[in-house]
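All remarks here apply to the structure that follows.
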Amino acid sequence: MNRHARRGFALPVAIFALVVLGVLMTGGFFMARQQSRISVASQNSARSFYLAERGNEEIMSNWQHKALIQFANWEDTTVSDTINYGDWSVTITKMTDRMYYLDAVANVTEGGTVFAGAQRRVGTVGRVWTLDLDVPGAL
């Protein structure tokens, strides 16, 4: 029997198995990376929404009615601020003497060039109520 004439199949099967395992591992790493990016993008989306809400709430909690009442109807002004993971900008538009529209836009800047850039916009209509009390009657 001639040993040089025998042809084996173990080497091609081993190479094929290694190729299949390599493709499966590459697919697993790709899927893990995609899931990681999806979760970070979801987190930044929520952060930008809450950052826009924070801008609206900060404007309403520090309301300057005496300064804003002097604006003409449909005139607007913008207030902005930056915090450690993003920035917000709120445009205050006077609709009537007592109604205002707050348009907040927030951007997440944390995460470098790959993960930064989530942006959300939140609008709020606010109405100013003042009590007209007769001072002696209140006492």
Top-ranked residue of region 63-104 - restricted to ones that are in contact with a helix residue (DSSP H, G or I) (Cβ under 9 Å, 6 or more places away or on another chain) and of a type in the set (Phe, Trp, Tyr), ranked as surrounded by the most Cβ atoms within 10 Å (Cβ to Cβ)
Trp88
So the check is Cβ under 6 Å with 6+ separation or different chains; which pairs have a first residue in region 104-121 that's at pLDDT 90 or above and a second one that's among the basic types (Lys, Arg)?
Val105/Arg121; Ala106/Arg120; Val108/Arg47
Restricted to region 83-96 and to residues being of a type in the set (S, T, N, Q) and in contact (Cβ under 8 Å) with a residue 24 or more places away in the chain, the residue nearest to Ala52 (Cα to Cα) is Ser89
Condition first: open to solvent by 50 Å² or more (accessible area, probe 1.4 Å) and touching a residue at least 12 places away in the same chain (Cβ under 8 Å). Now tell me which residues in region 51-62 satisfy that.
Glu53, Arg54, Glu58, Met60
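The values are calculated or read from the model by the stated rules, or taken from the named source; none is laboratory data. As the structure is a prediction and not an experimental result, all values here were calculated from the model. Neighbour counts are summed over all protein chains in view; Cβ atoms, including those assigned to glycine, are modelled from backbone coordinates with ideal geometry. With ligands, DNA and RNA removed, areas are computed over all heavy atoms of the protein, side chains included. Shrake-Rupley method; radii C 1.70, N 1.55, O 1.52, S 1.80 Å.
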